[in-house]
Amino acid sequence: TKCALHLLGNGFPLALQYCITFVGTTIMQIAINGLKEAVYVNTVAVCGKINSMMNCTFNAIGPTMASFVGQNVGAKRPDRVRSGLFVGILISAVFSAIYILMALFLTPQMMALFLDRAKEPLFNDMVTYARQYLMTMGAFSILIGLIISHRFTMQGMGFAKLAIISGILELCARLLTAYVLVPLFGFTGVCFGSPAAWIFASCFVVPGAYICLGRLKKKQQAQLAA
């Protein structure tokens with residue numbers, strides 16, 4: 001029972017994190033609908049599918065980091081945690097570059113996976129807006145890797161509750177974008193919705209992971225000394 005409660009305590013903050021992210025995404029969708037331009041709404045809808053496809057690698061890094069870190073914490077090898085973080089960041093940087101190149105050169109082809117060029121009269125306009133949206137997302141996508149790598153590292157070290165703070169910061173950024181940037185800058189404000197959330201979250205979760213790592217090392221050193 002004690003073990004089950006411990007696992008639940010580590011898993012619940014992560015579940016809450018996904019709920020917060022969903023709420024933030026819903027708020028941004030309301031702001032996009034408020035623009036009342038079908039080309040914007042349809043473009044973002046298609047780009048959302050493309051973005052989900054492009055982010056598969058980043059999302060896979062998270063559970064991998066949690067398992068890797070948890071195993072090395074149990075083995076009392078915190079030095080490996082830092083090495084694992086470096087590899088996670090390196091993989092994120094590589095796929096961020098791939099994201100940018102695909103957005104720059106393959107946006108029409110990716111849009112054509114979900115739209116029929118012949119039947120969509122606004123296809124060319126949508127490609128223009130989609131390239132702007134995807135280029136912006138790609139330019140900041142390295143932050144997704146940073147956030148996921150460090151957030152799941154914190155969870156693997158047993159500091160899952162602190163990761164909720166990054167989710168709250170993401171939600172605040174999306175609120176700011178939806179009610180300030182979108183009314184002021186229109187579609188450009190929409191493009192910066194997710195990047196703003198990532199910037200806010202990374203400001204906490206990146207240094208927070210290293211602080212937690214330092215605390216873990218001190219704790220393990222104290223246990224060895226005792």
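The values are calculated or read from the model by the stated rules, or taken from the named source; none is laboratory data. Model, not experiment: these values are computed from the prediction. Neighbour counts run over all protein chains shown; Cβ positions are idealised from the backbone, glycine included. Areas reflect the complete protein model, heavy atoms only, side chains present, ligands, DNA and RNA absent. Shrake-Rupley method; radii C 1.70, N 1.55, O 1.52, S 1.80 Å.
Details
- Restricted to Cα atoms, region 166-226 shows a radius of gyration and a Dmax of 18.1, 60 angstrom.
- Largest-first principal axis extents, alpha carbons of the chain, Å: 72, 32, 31
- Helix-only [θ]222 nm of the chain, DSSP H runs n ≥ 4, -39500 (n - 2.57) each, per residue, nearest 500: -28500 deg cm²/dmol
- Convex hull volume per residue, computed on the Cα atoms of region 96-189, equals 119 Å³.
- Only the Cβ atoms of Lys and Arg (+1) and of Asp and Glu (-1) were treated as charged; on that basis the dipole of the chain about its Cα centre amounts to roughly 1040 debye.
- Using alpha-carbon coordinates, inclination of helix 163-176 to the longest axis of the chain, degrees: 20 degrees
- Cross-link partners of K217 among aspartates and glutamates (Cα-Cα below 17 Å; sequence separation of 8 or more within a chain): D79
- For K219, the lysines whose Cα comes closer than 17 Å to its Cα, not counting residues fewer than 8 places off in the same chain, are K76.
- Region 86-146 - convex hull of the alpha-carbon atoms, volume per residue in Å³: 68 Å³
- Length-normalised contact order for the chain - Cα pairs under 8 Å, 6+ apart - percent: 30 percent
- The residues of region 58-212 expose on average 46 square angstrom of accessible surface per residue, using a 1.4 Å probe on protein heavy atoms.
- Local net charge near L143, Cβ-Cβ under 15 Å (Lys/Arg +1, Asp/Glu -1): +1
- Angle between the chain longest axis and helix 2-33 axis [Cα atoms, degrees, rounded to 10]: 20 degrees
- Selected from S166, S194, S83 as most flexible by GNM, with the chain as the system and alpha-carbon contacts under 10 Å: S83
- Largest GNM mean-square fluctuation across L181, L35, L115, computed for the chain with C-alpha springs under 10 Å, falls on L115.
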